[in-house]
Structure formats: C-alpha cells, structure tokens
Amino acid sequence: MSAEILSQIEDVLDQIRPALHADGGDVELVEFDEEGFVHLSMMGSCGGCPMSTATLTLGIEAELRRAVPEVEGVITV
C-alpha cells in the first residue's frame, strides 16, 4: 500500500500510544491490506487485557477511520 497511508496510520497510532503506555501496553502496525484493513498486534498488558477489544474498536479503530478515510476497519493479530 501507499507509504503515505502507512505514515498516516503510524501518526494516529503515535497519538494513541501514550494512553496505552500509561497502562503498560502498546500497539504495533503489522499490515495495511488491499481491502483497507489495518492489522494490529496488541502488546504488553494490552495483549491479554479483556478490555483490549473495546480499546481496539471504540478507540483505535474509530480514530483511524476518522483520520484516514482509506481505513475500513481493524483486525487484531
């Protein structure tokens, strides 16, 4: 995919990371696929947290879709 889109996705993730770091977690961009889905890996305490699904969908996915129109959704890997 476009390096510009990947850069935009990373910029959004960089804005979200401080909140994740505060709880001992992090997120890593694995892939942005041809269908417009961002594949993310939740790390640290976020990896096993029962609330990570809500964080992913209500926080990260919502922000990515708002900031980067090409994003259709987020998939956890």
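The values are calculated or read from the model by the stated rules, or taken from the named source; none is laboratory data. What you see is a predicted model; the values in this text were computed from it and never measured. A quick note on method: Cβ atoms are made from the backbone with ideal geometry, for glycine too, and the neighbour counts reach across all protein chains shown. Surface accessibility is based on the protein's heavy atoms, side chains included, excluding ligands, DNA and RNA. Shrake-Rupley method; radii C 1.70, N 1.55, O 1.52, S 1.80 Å.
Kirkwood Rh, Cα Rg: Rg to Rh for the chain? Each step should come with its number before you reach the end.
On the way: Rg = 11.5 Å, Rh = 12.3 Å.
Here Rg/Rh amounts to 0.94.
Quantify, in whole percent, the carbon and sulfur part of the accessible surface of the chain (1.4 Å probe; protein heavy atoms only). Numbers along the way, then the final one.
Values: 2370 of 4360 Å².
Exposed carbon and sulfur together represent 54 percent of the surface.
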Residues with amide H under 5 Å from that of GLU72, placed H, sequence gap 5 or more:
PHE37, VAL38
Quick one: which residues, 5 or more positions from MET43 or on another chain, have an amide H under 5 Å from its amide H? H modelled 1.01 Å from N in the peptide plane, none for Pro or chain starts.
ASP26, VAL27, GLU28
Counting only protein heavy atoms and rolling a 1.4 Å probe, one gets per residue an accessible area for the chain in Å² of 57 Å²
Counting each DSSP H run of 4 or more residues in the chain as -39500 (n - 2.57), what helix-only mean residue ellipticity at 222 nm follows after dividing by all residues, to the nearest 500 deg cm²/dmol?
-11500 deg cm²/dmol
³J(HN,Hα) across region 14-23 via Karplus (A = 6.51, B = -1.76, C = 1.60, θ = phi - 60°), whole Hz, x for Gly/Pro?
5, 6, 7, 3, x, 5, 5, 4, 4, 9
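Given 0.36 nm per residue, what is the gain on full extension from ALA19 to MET43 after removing their alpha carbon distance, in nm?
Numbers: separation 24, 0.36 × 24 = 8.64 nm, distance 1.32 nm.
Extra length from ALA19 to MET43 when fully extended: 7.3 nm.
Could you give the size of the charge dipole of the chain about its Cα centre, using +1 on the Cβ of each K and R and -1 on the Cβ of each D and E, expressed in debye and rounded to the nearest 20?
Result for the chain is approximately 360 debye, rounded to the nearest 20.
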List the GluC sites (Glu not before Pro) within region 1-33 that fall in a DSSP loop (any state other than H, G, I, E or B) and whose Cβ has at most 10 other Cβ atoms within 10 Å.
none
